[in-house]
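The values are calculated or read from the model by the stated rules, or taken from the named source; none is laboratory data. Model, not experiment: these values are computed from the prediction. Heads up, the Cβs are rebuilt from the backbone with ideal geometry, glycines too, and the neighbour counts pull from every protein chain shown. Heads up: the accessible areas ignore ligands, DNA and RNA and are worked out on the full protein's heavy atoms, side chains in. Shrake-Rupley method; radii C 1.70, N 1.55, O 1.52, S 1.80 Å.
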Amino acid sequence: MQEGWDVAAMEEMTGARLSFHCWPSSRLEATRCVAPFGALYTPLKKLPAECAPPTALPYDPIRCSTQTCHAVLNPYCQVDFRSMLWVCPFCTQRNHFPPHYAENMSETNLPAELIPQYATCEYEISSVPDMGPPCFLFVVDTCCHKEELAELADSLQQALQLLPENSLVGLITYGTNVQVHELGFDSCSKTYVFRGNKEYSPGRVGELLGCTAGAAAPPAPGAPGAPNGQQQQQQAPPAGPAEQVLQRFLLPVGECSFTLESALEDLRKDPWPVPNDKRVARATGVALSVATSLLHLAIPRRGARVMLFTGGPCTSGPGAVVSRSKDEDMRSHADLAKKAETLHQPACDFYAKLAHPSLHGQQSGKGKSSSASQAQMSSPNYHVVDVFACSLDQVGLLEMRELVLATGGLSVLGDSFGQSVFKESLRRVFMRYPDEVPQDGGTMSMAFGGSLEVLTSREFKVSGAIGPVSSLKKHGPNVSDIEVGCGGTNAWSLGGLDPGTTVAIYFDISNPGNSPLPEGKRRYMQFLTKYQHSNGRTRLRATTLCGPWWNPPQGEQDPAKMQGSAMAQNPVKCSFDQEAAAVLTARLAVQMTETDEVADVLRWVDRSLIRMCTKFAEYQPDDLQSFRLSPEYSLYPQFMFHLRRSPFLQLFNSSPDEACYYRYTLSKENTTNSLVMLQPTLLSYSFNGPPQAALLDAESVRPDTILLLDTFFHVVVFHGETVAAWREQKYHEQEEHAAFRSLLEAPQADAQLIMDSRFPVPRYIVCDQHKSEARFLMAKLNPSVTHNSNLDGAIGGSGGAQVNTDDVSLRVFMEHLMKLAVQS
């Protein structure tokens, strides 16, 4: 039956991947399956032409008339062509087709929404006005060294060349104070300075910038026929705050590129003196607050990115994560566990508040109603906050996490602004669709103001979502009482989106076990993603999925009776997608670390794995040798083994910022990339044949081979001891050793292919066996040979390399798992 579930093809056709494709019909049986019932959905994935209309449909979708449903017309609707009615599969409501559909539709002339293979349709909504191209507001830290500033300025000047001519751009620099650059004034450099130790509401920012309601629009300097500027001001009609900001601070790239490039060339290190025993005063919090306020004043419902480039922690004003005194260290995992860091929680609260600047203004002004606050919280974020942090120290990414997550932002962590990790990653933010893509060719692949709503048929409900989401507080009849991640709703704000953004949705089967479902009954789910395209138009993508239910045979509800051939024929078992389930479990485990101790999370992972093997493995009670896992489950224990050792759950040798960065990246990547993070891939290159996949094991390390390790965050080319010695003797430069030269070049070329298609760009490491950077590879290997092993004869020979660790090997892990799974 497994042949019926081609999970890779399903992901290619719909952008979704499910942990189980056939679901049990009762909540009790679903609980016994242990693995979460969920979907990994990539809203902006480009689909093949045979699976979706090649271009967005230029009209609004047809929706169900039920107040609590509003599902979009899809191929799974029953259609009565005589009376021109369609039946919603979610609420069974009968709906009339609008006249323009009814007049032209027949069984042989179907609209795109009803064509069977078009499970996904995208609509360009004509009722929402075109908002225009996006805005990019650069927020630059000037407390860096001058060499770093020069590298950053060069990267930003290159980025300007990648922007569409009509996209808006602005510049804010900050150090001890915050400077907002007036790009509309090109006679000389002109900035407005805000104190770095004071909090400003959006209204106050507008006042200090001179952008208030009723003010006259400033005259264009040097306009012909206007010798008296004062008279021209009197004649000009009053401009609102938004128009003034757009005339002075946020301008199209084509109009202000010279002024902006001049400002970037003139960037200088913050001039305020810094005592030797103090850290530099860096007002990151105020700079972000001013940036979000500026966008809220000018373009509240237009897509924009606040791109923060910082080289250190915030030490001044609201949002500070460490004091200026060097006697106090940056917070560590131990400080956070003991709640000994007094600045951590206030900083988290401050940055989280910036995701909704209007609420920040209401709290400051103390005068708005709670209904206005609720309305703001229930609308998606059009303004994305990205953090590009390049520093050898922590920068406070952990405190800013909620702001980045709530707006769907990007985060990049590097050591220097001169590194390719930063330079290439920044360039790829502005990636465009290939020219051959219908309708979207040549446009930027980013999107804004995304929101996701999930509709389900009545037998199951939505428990929650994990990913770059925030709740839109929409409580429908399909919202489960059991909350997972961001729960209590069936709609979420996604903020910024790109073609790789993936959200994990978790479901709760609510059907009671005493009422089996009719044979042939199907389940339905629909993902409705509304977003603002980079061309300013609003689109809605509707993806509808359908799948079968399975009623357990009466009398076999007890798992003890479901062994042997009965379990082998279980369609739920045969429909298991172990890769999707591993990623869903990993996201769930990472989410749990926010409230639980890591040790408790590890115990939960272990117990879940034991229960799953007890349920789905084939074995005789108390007989270890009889334990067998079917192919659908055979890799799942390995994924859990590597999850337990991964930087997502093991905090050793990582700072709080690094742990936050790794976890956030896992929460938004697709299934394939997430699996690489959990269980890195290893390729082996030798003279014995072409490159081949190698086990992620210490035995794969051999003196005469080269290994290529991809951990998603790092790409490591590892030379065995003999290969490194040959290279040092420069054999590869001799003509008679051309084969050796090819052997050295092959993994480097493959590493470049990996890095060319990834965001953020991974760190590239070339190392030799027994050298310091070899730790990047050795730490990821299964420690089948350690300093505690008795396999001394194998060490250094054909048995691989020794890994100095106290961690158990995969073999020992599996032995314990089997022993616990089969015990009666």
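Side notes on the structure shown:
- Residues within the reach of a label modelled at ASP154 (point 7 angstrom out along Cα to beta-carbon, backbone nitrogen below 12 Å), restricted to segment 404-446, are 417-420, 423.
- In summary, the lysines within cross-link reach of LYS780, defined as a Cα separation below 29 angstrom excluding same-chain residues under 8 places away, comprise LYS423, LYS668, LYS771, LYS819.
- Here the extension length gained between TYR731 and TYR101 equals 219.4 nm, from 0.36 nm per residue of separation less the Cα-Cα distance.
- Sorted largest first, the spans of the alpha carbon positions of the chain along the three principal axes are 96, 83, 58 Å.
- Highest-first packing order for the peptide set 387-399, 715-727 is 387-399, 715-727, based on the mean count of other beta carbon atoms within 10 Å.
- Once the Cα-Cα distance is subtracted from the 0.36 nm per residue extended length, the GLU199 to GLU255 segment shows a gain of 17.0 nm.
- When each of the peptides 807-814, 270-277, 587-594 is scored by the mean number of other C-beta atoms lying within 10 Å of its residues, the order from highest to lowest reads 587-594, 807-814, 270-277.
- Under 10 Å, Cβ to Cβ, from LEU57 - net charge with Lys/Arg +1 and Asp/Glu -1: -3
- Cβ-Cβ FRET estimate between ASP756 and ILE482, R0 fixed at 41 Å, reported to 0.05: 0.45
- Oblate is the label for segment 702-756, because a/c, from the alpha-carbon gyration tensor with a ≥ b ≥ c as root eigenvalues, is 1.5 or above and a/b does not exceed b/c.
- Across segment 398-434, the residues whose backbone nitrogen lies under 16 Å from the label position 7 Å along the beta-carbon direction of ALA779 are 413-415.
- Order of exposure, largest accessible area first, which applies to HIS787, HIS70, HIS732 with probe 1.4 Å: HIS787, HIS70, HIS732
- Percent carbon-and-sulfur accessible area, the chain, ignoring ligands, DNA and RNA, probe 1.4 Å: 51 percent
- Spatially, segment 103-159 and segment 743-788 are offset by 34 Å when compared through their Cα centroids.
- Amide N proximity, segment 43-77 versus SER127 label position 7 Å along Cα-to-Cβ, cut-off under 18 Å: 57-74
- Per residue accessible area in Å² of the chain, where ligands, DNA and RNA are left out and the probe is 1.4 Å: 43 Å²
- With 0.36 nm allotted per residue and the present C-alpha distance subtracted, the LEU820-GLU207 stretch has 213.9 nm of extension available.
- What the Cβ-Cβ distance of ARG82 and THR31 gives, at R0 = 60 Å and to the nearest 0.05, is a FRET efficiency of 0.85.
- Here's how it looks for PHE136: its modeled amide H is under 5 Å from those of LEU168, VAL169, GLY170, ARG305, which are all 5 or more places away or on a different chain.
- Neighbours of PRO318 by Cβ distance under 15 Å: Lys/Arg scored +1, Asp/Glu scored -1, total +2.
- Here LYS326 and ASN688 are evaluated by their C-beta separation; at R0 = 60 Å the FRET efficiency comes out at 0.65.
- Sum of side-chain charges, VAL72 neighbourhood, beta-carbon under 15 Å (Lys, Arg +1; Asp, Glu -1): -1
- Cα shape, segment 60-164, gyration tensor, a/c 1.5 rule: prolate
- The aspartates and glutamates whose alpha-carbon is closer than 14 Å to the alpha-carbon of LYS573, local same-chain residues fewer than 8 away aside, are GLU3, GLU29, GLU618, GLU632.
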